[in-house]
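Student: Take a look at this one; I'll ask things after.
The values are calculated or read from the model by the stated rules, or taken from the named source; none is laboratory data. Given the structure is predicted, the values throughout are model-derived calculations rather than measurements. Cβ atoms come from the backbone with ideal geometry, glycine included; neighbour counts cover every protein chain shown. Heads up: the accessible areas ignore ligands, DNA and RNA and are worked out on the full protein's heavy atoms, side chains in. Shrake-Rupley method; radii C 1.70, N 1.55, O 1.52, S 1.80 Å.
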Amino acid sequence: MNFPVRTYSGATVVRPDTTWERDDDTLFIPDSLKRVSFSPVVAVTLSRAGRSIGRRFAHRYFELLGAGALLYPEDLIDGSEEGYAQALCMDHTTFIRQPELKVQDYASAGEFSALVDGNEVFRSEPPSLEWICGVISGVSERVYLRRGDILAIELSPRKVIIDRENEGHNTQVKILLGERVLSDFSIIIE
């Protein structure tokens, strides 16, 4: 399984399955990293394989949705060709529980929100199913989507949530849809 990602800026990238932290276990940040950012995502479990999926057919390729967060070690994103690639494949930086919200329940589930240490840092209406179908179509033009892959669609630009220069505490992140907690994890600074 892979994690095709549509970044907030519209690029398509893929994270390997070694980045997946499906059980919301604690992430321990090594001393070499000073800054960590995150982007909240809507997650779509693909129920069929496909390439170059037409927008009007994309609704046939998913039944379950969820949400989570992608973490980025900002120290690695240094402008080099390798920097962003290194940041994408760092282990345990894709915090998405297995999506379980059925498509028919999605629209009425409430707003997406993200809390960092209890402070709301993101709030948005859930993206429309039509928009999600457009993303699936666009991503499938570049990446072969396999059954079981989880497509992560970034809902906002990366935001730094850990900066060792300014903070000296551990961080708690929660992603909610309405009142339902879809992801809840800690980041421990060693």
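Student: Mind checking whether some residue in the range 20-36 is part of a strand (DSSP E or B), open to solvent by 50 Å² or more (accessible area, probe 1.4 Å) and of a type outside the set (G, A, S)?
Tutor: For the range 20-36, residues part of a strand (DSSP E or B), open to solvent by 50 Å² or more (accessible area, probe 1.4 Å) and of a type outside the set (G, A, S): present.
Student: Now a separate question. Exactly one condition in (1) among the hydrophobic types (A, V, I, L, M, F, W, C); (2) over 13 Å from T93 (Cα atoms); (3) open to solvent by 30 Å² or more (accessible area, probe 1.4 Å); (4) not in a loop (DSSP other than H, G, I, E, B) is false for M1; which is it?
Tutor: Only one criterion in (1) among the hydrophobic types (A, V, I, L, M, F, W, C); (2) over 13 Å from T93 (Cα atoms); (3) open to solvent by 30 Å² or more (accessible area, probe 1.4 Å); (4) not in a loop (DSSP other than H, G, I, E, B) is unmet by M1, namely (4).
Student: Restricted to the range 37-62, and to residues that are of a type in the set (S, T, N, Q) and not in a strand (DSSP E or B), which residue is most open to solvent (accessible area, probe 1.4 Å)?
Tutor: S52
Student: Across the range 81-129, what is the number of residues that are over 21 Å from L151 (Cβ atoms) and either touching a helix residue (DSSP H, G or I) at 6+ places or on another chain (Cβ under 9 Å) or among the charged types (D, E, K, R) (or both)?
Tutor: Summing the residues that are over 21 Å from L151 (Cβ atoms) and either touching a helix residue (DSSP H, G or I) at 6+ places or on another chain (Cβ under 9 Å) or among the charged types (D, E, K, R) (or both) in the range 81-129 gives 7.
Student: Among the residues that make up the range 22-30, is at least one of them on the phi > 0 side of the Ramachandran plot and either out of contact with any helix residue (DSSP H, G or I) (no Cβ under 8 Å at 6 or more places or on another chain) or aliphatic (A, V, I, L, M) (or both)?
Tutor: Within the range 22-30, one or more residues are on the phi > 0 side of the Ramachandran plot and either out of contact with any helix residue (DSSP H, G or I) (no Cβ under 8 Å at 6 or more places or on another chain) or aliphatic (A, V, I, L, M) (or both).
Student: State whether the residues of the range 20-41 include one that is out of contact with any His (no Cβ under 8 Å at 6 or more places or on another chain), β-branched (V, I, T), at pLDDT 90 or above and under 16 Å from T171 (Cα atoms).
Tutor: Scanning the range 20-41 turns up at least one residue that is out of contact with any His (no Cβ under 8 Å at 6 or more places or on another chain), β-branched (V, I, T), at pLDDT 90 or above and under 16 Å from T171 (Cα atoms).
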